[in-house]
Every structure is written in C-alpha cells, then in structure tokens.
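I have placed the structure first, in the form of structure tokens, so that the comments after it can refer back to it.
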Ligand SMILES: [Ca+2]
Ligand SMILES: [Ca+2]
Ligand SMILES: [Ca+2]
Ligand SMILES: [Ca+2]
C-alpha cells in the first residue's frame, strides 16, 4: 500500500532489451558483413512482411468472426447475473476479527486475510474456511478468535465444525493455500501468520493435525508470512511449498501513526508502512516424500530476490513450457515472476517479461492476483489489484513469454477503492471470463476527512464483452454486491453445484459474505451452458495443481490452470469451471498434467461436473 510519500514515487523505467544485439554492437557487426548481403536480407524480410500481412489480417478476421459468432450464440444481451447474500442462511454470522475497528495503529492490523473453498471431506461439495486475525490488546486465554471451518450441508446451510477439526491456532493469519502434499487423497492446508506458519494434515475423518514441526517447517521466529502456494516445481509428483514474507515487522520498532515520513495519507495520520519498514526474503521448501520438507530457498534462487513487499502468490505456467512458474504480487515494489529453470532453480524475469511494473514503469501496490485466459487465445493472463487512485493491471500474455498491460484498452480506469481479492471467472457462462474485485480501504481514519475514500467499498463486477474489453456491471448485480464492506480475501467457486460461480468474501471485523450467483437458480436456469471438471492426479500430484486445461467448443478456445492460491491470500474451488455459451458440448479438452503428460478427451456433454482421473479420462459425473 502506498502512502503520501509514494505519491511522488520514483519512476522505474523498464530496462527492456531492444533485441539481442546492443546498439553499440550493431555497427561493429555490420562492418564484417557485405552491404549487398544486408540489402538482400532486407528485401527478403520486406517480401515476407508483404506476404505475411494479408495472411495475418485474414487470421485476425477469422478469430474475430469466430469470437462474434460465439458471442451471438450467447442468445441474450443482458448480463443476467445477480448475486444474493446467502451468508445468514449459511450460518456465517460471526465477524472476522482483524485489528482495530475505528483506528489502525499498525500495518499489521490492515492487510486482513484470506478465505477458502475447500472440499475437505471429498463429498463433492465445497466447504468453507475463514481465516482470522486478532487484536493488539489480545484476548483472554482460550477466548481468542481463530480460523473457522464450515461443512457444506448441501442445502445452502453450513455447520461450524471448527471445534472438532483441530484447526485451533489463534493469531494474525494472512494467507491459505491448499494441496494434497502427501497424496493420500485429502487436501491439506497451509496457513501463514505473523509469527509461525502452520501446516495442517487432513486426516480424512474431518480432523486435521498440526504437523508443522514434524514436517520440518520452522516453529520459531516472528517472520510475517504472506502469500503461499503449493507447487510441484520439480515435477516428481509431490507438492513442494512456496512461502512469501511481506516484511520484517517488529511492534517495538514501528513508529506510531503520523510519526514518520511514511505515516500520512492525504495529510491524515495513518499507520506507517510498508515503505520505511525492512524487507524480508521468500522461502521454498522441497517435499522429501516422507512427510518432511527441506528448505531450498537459497539453492533454488528464490531468496535471491530482495527488497520487495511480496503478497499473493500464484502458480502459472506463463511461458507454456510445461514447468510451473510463480507470480508474486508485490506491494509498492516490482512484482516477481519466478521462472522455473527446469533444474530446481528459479530466476525472477518479471522485469524483462513486462509484468513487474505499470504500463508507464511505476511500481504499484500489488496485492491480489487472478490468472486466467480473458481473451481466449490459450495463454494465461494475469490480473493484479492495486491501491486507490491507481488502476489494476491486466497483463495480457502475448504467447511469447512477454506480457502487455492491456488494462486501459480493456476499459479499466483509476478507482477510489483499494482493491484486493480478484478472479477471472465466467459468471454468465458465455465462454468469456469476467472479472470480480473485492475492495476496502486500509485507513478507517480517512473517510472522516475525505468522503470520496470510504473505508468500506463495493465488490466490483466487470463483464467480458468478448472483444478485449470489459464493462462495469456492478450496479446490475444487485445490492448484495454494492453493499459497503471493507473486504480483503475472496474465493471463487460453485458452492451449491448449480453450474455458476459463487463468491465467498472476507470482510474486516464483520461477518463474511457468501454471495450466491443467481444465474442458474430455482427461478429458471440461465440460457448458457457450462462444464465443470475436477482433476485427480495419479502419477502427478493428486490435487493436480499446475495442470493446464485447454478446452475448445464451437471453435472457441479457453484455458485454465489448477492453482493452490489466488485472488488475495485465498483459495478457490479447485474444480475448473467453463462457460460454454449455447454449445451443447466441449469438442476437445486437452489436459497437460503437472508431470508433463498430455491427455485428450473429446465430446464432453454440457451442464455436468465431470471427474477426470489422470490417464483414465472421465471416470464419472457428479449429480448436481
Ligand atoms: Ca465437502
Ligand atoms: Ca493429504
Ligand atoms: Ca516436487
Ligand atoms: Ca453456484
């Protein structure tokens, strides 16, 4: 998050190489090559260009017309998506405690935490996990708030199963990531904290065991864990673990609000940071296959990246080489793209890949990250959320290992809301994934002076128009979406298995919101079809984290990857959900499993949740 001093932030120019030959080298090279050869080369290249031009525009026209055709298949022109607040009916009535209500003394109280849709008991229905913070003054022993786990009763209600579950830590939780690290068929949990992070093994009977110490993960210290993700970076079929650290936070060493150069926002005294507070480094743990992990942060090159304030971490194979990479949104500093070098090491290539800074080379307050293929070209794009007075980044993957910030051309603009959790999800099942953003300021003190920067904001919904542009349809989505809250984490998933994506939103010091998408509801099913796939790895990691699914229907392509963390510090429904428009089936589904094996499935009928097992295709369909 920026503060007053960062309004005059240093302009970071992108040090993009213009090509493989430096300007100084061009002259010396040309002096060795006969001018006639160069002229011939230029003529050949020009000829190729003239030939390529009409072919290229024909291809573009074809893509566009297929996009328009796909669009027209969508039948209705109104968005048709509204959300209702299903929280009360679900039983989510307890507030999520996170720091002071009217005033935030320290940055520790402001970042909030994530939520998860996780099917911990494998019954095919998404259960809900809500992380929690605490208060500076603390609570009486045994009275402190902690994470809460809710079991989905399949009728819109949930049962609080926290007491039985063994998820009993209290403290300042940040993020959650989910993955079956021991391949026993049950998804396990990792939760980061200011203090000691926790690895919970899912025992498969509704209980979890804190195995942090047994797994060889640190159980002492006061690092501030932020984003985390399970990732099988060496493709041995066992999930490894990446953990980011936000900054080094020591209550004794942080100035009071207003008492330092980084402690004012628009002239109002606010909590200090992150600028001015010491940075930390990130961690990578290799899974040894026996329930223990080895810290490989140094040898992997992960801890070589310094001077950042890392937040949400997402697995994505951005360059489509079959090896999972990690994108980390960083606050007020350059974001990180850890490219997997296939040999157990990573290199940060965010700068040369053009996804470190804004379009004009500014560091942004990167907090949330969504990945997905918004333009249907089969490459994963990145959407990153930022602070008020800034616009989010929509990094369009060019397919050549580079990104272009398409935020402005897509219709995103500066906003007065601080933006956190985000998803690239198809809300109306038309085959073009939409974008949702959770908002909320970090400074409750400011709205007294500036009404235009409220502490509580709406969830923002942007409809994908299928032509590279988005339209703000927030107001059409109903009062549950526009109701003001100071939100942070947000998980996306189909909790009622009716074929549309619902939302679970963390609100600071208020109950969470379960927003039910009414696109497919009792009042009549939406006009568009859908298909949901649950992937089960056999040789690959069982959660299939890192799998890449390319789906084609009616000539329209869509790509999704299975992730372990996304949005803001949160975990989405691991099943991948595709809108099919008016198409009745998916013509081709190409799955690249995390180990690298490809599998093709043809002609899969619409409106079902299909379970896919690695090497065996669709093994069954879940009734819904
Ligand atoms: Ca369940
Ligand atoms: Ca497990
Ligand atoms: Ca591994
Ligand atoms: Ca739903």
Quiz item: Of all residues in region 188-198 being closer than 23 Å to residue 367 by Cα and part of a strand (DSSP E or B), which is farthest from ligand 2 (Cβ to nearest atom)?
Solution: 194
Quiz item: What number of residues in region 339-398 are in contact with a helix residue (DSSP H, G or I) (Cβ under 9 Å, 6 or more places away or on another chain), under 23 Å from residue 415 (Cβ atoms) and surrounded by fewer than 21 Cβ atoms within 10 Å (Cβ to Cβ)?
Solution: 1
Exercise. Scan region 444-461 and give yes if some residue there is buried (at least 23 other Cβ atoms within 10 Å of the Cβ) and within 16 Å of ligand 1 (Cβ to nearest atom), otherwise no.
Key: no
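Only one residue in 221, 237, 253, 216 is at pLDDT below 95, more than 20 Å from the chain's Cα centre (by Cα), on the phi > 0 side of the Ramachandran plot and more than 16 Å from ligand 4 (Cβ to nearest atom), so which one is that?
From the options 221, 237, 253, 216, the qualifying one is 221.
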Quiz item: Quick check: anything in region 200-209 more than 16 Å from ligand 1 (Cβ to nearest atom), touching a helix residue (DSSP H, G or I) at 6+ places or on another chain (Cβ under 8 Å), modelled with pLDDT of 95 or more and in a strand (DSSP E or B)?
Solution: no
Self-check item: Scan of region 104-131 for residues that are away from ligand 4 (no atom under 16 Å from the Cβ), farther than 22 Å from residue 168 by Cβ and out of contact with any helix residue (DSSP H, G or I) (no Cβ under 9 Å at 6 or more places or on another chain), ordered by number
Solution: 104, 105, 107, 109, 110, 111, 122, 123
Self-check item: Scan of region 211-240 for residues that are more than 13 Å from ligand 2 (Cβ to nearest atom), over 21 Å from residue 315 (Cβ atoms) and surrounded by 18 or more Cβ atoms within 10 Å (Cβ to Cβ), ordered by number
Solution: 212, 223, 224
Quiz item: From the set of residues in region 241-257 that are buried (at least 18 other Cβ atoms within 10 Å of the Cβ) and closer than 21 Å to residue 304 by Cβ, which is nearest to ligand 1 (Cβ to nearest atom)?
Solution: 241
Quiz item: Which one is surrounded by the most Cβ atoms within 10 Å (Cβ to Cβ), of the residues in region 95-135 that are without any contact (Cβ under 8 Å) to a residue 60 or more places away in the chain and closer than 23 Å to residue 331 by Cα?
Solution: 133
Quiz item: If we only count strands (runs of 3 or more DSSP E) wholly inside region 450-499, which ones have 2 or more residues that are touching a helix residue (DSSP H, G or I) at 6+ places or on another chain (Cβ under 7 Å) and at pLDDT 95 or above?
Solution: 460-464
Quiz prompt | Tabulated pairs, region 362-380, first free of Cβ contacts under 8 Å to residues at least 40 places away in the same chain, second part of a strand (DSSP E or B) and crowded, with 24+ Cβ neighbours inside 10 Å, C-beta under 7 angstrom, 6+ apart or interchain | solution = 364/393
Exercise. Return the residue satisfying two criteria in turn: it lies in region 588-610 and is part of a loop (DSSP other than H, G, I, E, B) and touching a residue at least 60 places away in the same chain (Cβ under 8 Å), and of such residues it is nearest to residue 324 (Cα to Cα).
Key: 594
Quiz item: Applying the selection to region 521-544, what residues are closer than 20 Å to residue 604 by Cβ, at pLDDT 95 or above and more than 24 Å from the chain's Cα centre (by Cα)?
Solution: 528, 529, 538
Quiz item: Taking region 168-193 as the region of interest, how many residues are within 16 Å of ligand 1 (Cβ to nearest atom) and either more than 20 Å from residue 292 (Cα to Cα) or surrounded by fewer than 18 Cβ atoms within 10 Å (Cβ to Cβ) (or both)?
Solution: 1
Quiz item: If you go through region 474-487 one residue at a time, do you hit one that is within 20 Å of the chain's Cα centre (by Cα), buried (at least 24 other Cβ atoms within 10 Å of the Cβ), more than 16 Å from ligand 3 (Cβ to nearest atom) and closer than 16 Å to residue 115 by Cα?
Solution: yes
Practice problem: Identify, from the list 328, 314, 296, 302, the residue that is under 20 Å from the mean Cα position of the chain (by Cα) and within 15 Å of ligand 3 (Cβ to nearest atom). | Solution: 302
Quiz prompt | Residue check, residue 185 farther than 18 Å from residue 287 by Cβ and not in a strand (DSSP E or B) | solution = no
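The values are calculated or read from the model by the stated rules, or taken from the named source; none is laboratory data. Not measured: the values here are computed from a predicted model. Cβ: placed from backbone, ideal geometry, glycine included. Neighbour counts: every protein chain shown.
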